[in-house]
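**Student:** One structure, pasted below without further comment.
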Amino acid sequence: MALVTDAMTAAGAGDGDYDLGGQRVVVTDGIARLCDGGAIAGSTLTMDVALQRTVHDAGVSIVDAVRAAATTPARVLGLADVGAIQPGHRADLVVLNADLTVRAVMRHGTWVT
């Protein structure tokens with residue numbers, strides 16, 4: 001299992017008007033729709049929310065959910081230096097609170113949040 005998101009720029013930004021590849025999009029209650037025709041226009045799902053839903057709603061263990069969010073996608077993409085905390089890997093980390101919300105982010109060994 002791998003967690004993925006095709007999130008657009010509106011992800012995490014709230015309801016409002018956005019642009020998606022030159023097309024006008026409106027996000028209402030977290031759902032992105034094209035202004036012209038109303039078709040769904042991508043996702044506003046962030047990876048932390050995907051992880052929360054996987055653990056809390058689907059009942060997947062935190063270990064398996066984190067593997068699905070990091071290790072499995074890295075392996076599938078052939079990325080040898082990310083997706084796990086181990087020597088030789090890039091220092092990319094996400095620190096989560098007990099409720100699985102993002103507390104801090106480290107990218108290439110530098111804290112960014």
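**Student:** So how do 30-41, 7-18 stack up, highest first, on mean other-Cβ count within 10 Å?
**Tutor:** Result, highest mean first: 7-18, 30-41.
**Student:** Restricting the count to DSSP beta bridges whose residues both fall in the chain, what percent are antiparallel, rounded to a multiple of 5?
**Tutor:** Of the beta bridges lying entirely in the chain, close to 95 percent run antiparallel.
**Student:** Give me the distance in nm between label points sitting 7 Å out from Cα along the Cα-to-Cβ direction at His89 and Thr9, one decimal.
**Tutor:** Calculated label separation equals 3.3 nm.
**Student:** Along the positive direction of the dipole of the range 47-111 (beta-carbon charges: Lys, Arg +1; Asp, Glu -1; about the Cα centre), which of Leu79, Ala68, Leu51 reaches farthest?
**Tutor:** Ranked along the dipole, the leading option is Leu79.
**Student:** Sorting check: for 62-71, 77-86, which peptide has the highest mean count of neighbouring beta carbons within 10 Å, and how do the rest follow?
**Tutor:** Highest mean packing first, the order is 62-71, 77-86.
**Student:** For Thr110 and Arg53, FRET efficiency with R0 = 35 Å and r from the beta-carbon atoms, rounded to 0.05?
**Tutor:** The value I calculate is 0.75.
**Student:** So what is the 222 nm mean residue ellipticity for the chain from helices alone, if each DSSP H run of at least 4 adds -39500 (n - 2.57) and you divide by all residues, rounding to the nearest 500 deg cm²/dmol?
**Tutor:** Mean residue ellipticity at 222 nm (helix-derived): -3000 deg cm²/dmol.
**Student:** What is the range 47-111 by shape, rounded, prolate or oblate, if you read a ≥ b ≥ c off the alpha carbon gyration tensor as root eigenvalues and call it rounded for a/c under 1.5, prolate for a/b larger than b/c, and oblate otherwise?
**Tutor:** Oblate is the answer for the range 47-111, as a/c is 1.5 or above yet b/c matches or exceeds a/b.
**Student:** Fully extended, how many nm does the chain gain between Val76 and Leu20 (0.36 nm per residue separation, minus their Cα-Cα distance)?
**Tutor:** 17.5 nm
**Student:** Counting only DSSP beta bridges with both residues in the range 1-66, what percent are antiparallel, rounded to the nearest 5?
**Tutor:** Antiparallel bridges: around 90 percent, rounded to the nearest 5.
**Student:** Amide H of Leu20 versus every other amide H placed in the peptide plane: which residues, excluding those fewer than 5 positions away on the same chain, fall under 5 Å?
**Tutor:** Amide H neighbours of Leu20, under 5 Å, 5+ apart: Val25.
**Student:** ³J(HN,Hα) across the range 8-25 via Karplus (A = 6.51, B = -1.76, C = 1.60, θ = phi - 60°), whole Hz, x for Gly/Pro?
**Tutor:** 9, 4, 6, 4, x, 9, x, 5, x, 9, 9, 10, 10, x, x, 9, 6, 10
**Student:** Could I ask something else about it? Give me a comma-separated list of calculated 3J(HN,Hα) values for the range 26-42, in order, Karplus coefficients 6.51, -1.76, 1.60 applied at θ = phi - 60°, integers in Hz, x for any Gly or Pro.
**Tutor:** Coupling constants for the range 26-42: 10, 10, 10, 6, x, 9, 8, 9, 5, 5, 8, x, x, 5, 4, 10, x Hz.
Each reported figure results from applying straightforward, stated rules to the coordinates on display, with no laboratory input. Owing to the predicted nature of the structure, the values given are computational and were not obtained by experimental measurement. Methodologically, a virtual Cβ is constructed for each residue, glycine included, from the backbone with ideal geometry; neighbour enumeration extends over all protein chains shown.
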